[in-house]
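Have a look at the structure below before the remarks.
The values are calculated or read from the model by the stated rules, or taken from the named source; none is laboratory data. As the structure is a prediction and not an experimental result, all values here were calculated from the model. Ideal geometry is used to build each Cβ from the backbone, glycine not excepted, and the neighbour counts take in all protein chains shown.
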Amino acid sequence: MSFPDLAVLTLRDPKSAAQVVLSWNLPREALWTAIALISVVVTILSTLSNMIIPVPPPLNGIVGNPFLYCAIAAGGFIATVYAIYWTGRILGGEGSIEDMMILLLWLQALRAGAQVVVLISLILAPVLASFLVLFIGVATLWVFVHFINAGLRLNSLLRAVGVLFLGAVALMAILTFLLSMIGVSAVGVPLNV
């Protein structure tokens, strides 16, 4: 199956697309290399996007530094994979970490392709870009829930939504704890002031 056909199948029938992606059976080393590659691609696209529509000053320090942004993108991706995987395992999931990695890599690759379309539409038709971003956000959630269900073999979309919600809460709690340990608070002011 070609990549464009798989992209269309992913939107139409995410469960079937997940089975196709899982059948690739890539080795762990290839998955880690793909994570590095997709992080670089996302960084390039975000840098281009920042050139078209600059982000506000507090975020400009992150987006304006490609190396920092790439590290954050890669770290965020890895943290998301592990948070979803372990939350799913706690809730009775049976898939492997490699299954979640490959499914989320495919989803991230699709989002990178969508970001290219958004960048082009930002230049040609900015109003259309707003609707595209909304559609992409909804489609991402739709596919993400189905991929969680397939990757963890939960056999329930409701449980997959629960894994997504609890995984996000766990990820935020851990991130908040780690950031507070280094002295960063929600408003960006050190805690000891």
* To do: Pull up region 1-57, narrow it to residues that are part of a helix (DSSP H, G or I) and of a type in the set (D, E), then point me to the one that is surrounded by the fewest Cβ atoms within 10 Å (Cβ to Cβ).
  => E29
* To do: Quick one: G183 ticks every box in (1) at pLDDT below 90; (2) surrounded by 13 or more Cβ atoms within 10 Å (Cβ to Cβ); (3) on the phi > 0 side of the Ramachandran plot except a single one, so which number is it?
  => (2)
* To do: Starting from region 92-113, take each residue that is without any contact (Cβ under 8 Å) to a residue 40 or more places away in the chain and farther than 25 Å from V133 by Cβ and list its partners that are surrounded by 20 or more Cβ atoms within 10 Å (Cβ to Cβ) and among the aromatic types (F, W, Y), counting only C-beta distances under 6 angstrom and pairs at least six apart or across chains.
  => I97/Y85
* Asked: Could you count how many residues in region 146-155 are of a type in the set (A, V, I, L, M) and surrounded by fewer than 19 Cβ atoms within 10 Å (Cβ to Cβ)?
  -> 0
* **Residues of region 85-109 satisfying the condition of being over 11 Å from L154 (Cβ atoms) and small (G, A, S)** => S96, A109
* Structure fact -> Conditions (1) among the hydrophobic types (A, V, I, L, M, F, W, C); (2) part of a helix (DSSP H, G or I); (3) within 12 Å of L105 (Cα to Cα) -> C70 fails only (3)
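If I filter region 90-138 down to residues being part of a loop (DSSP other than H, G, I, E, B) and of a type in the set (A, V, I, L, M, F, W, C), which single residue comes out as nearest to N50 (Cα to Cα)?
A125
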* To do: Using the structure shown, decide if L175 is surrounded by 18 or more Cβ atoms within 10 Å (Cβ to Cβ) and either basic (K, R) or out of contact with any Pro (no Cβ under 7 Å at 6 or more places or on another chain) (or both).
  => no
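When region 47-67 is examined, which residues are found to be without any contact (Cβ under 8 Å) to a residue 40 or more places away in the chain and either within 15 Å of L105 (Cα to Cα) or of a type in the set (S, T, N, Q) (or both)?
Matches in region 47-67: T47, N50, N60, N65.
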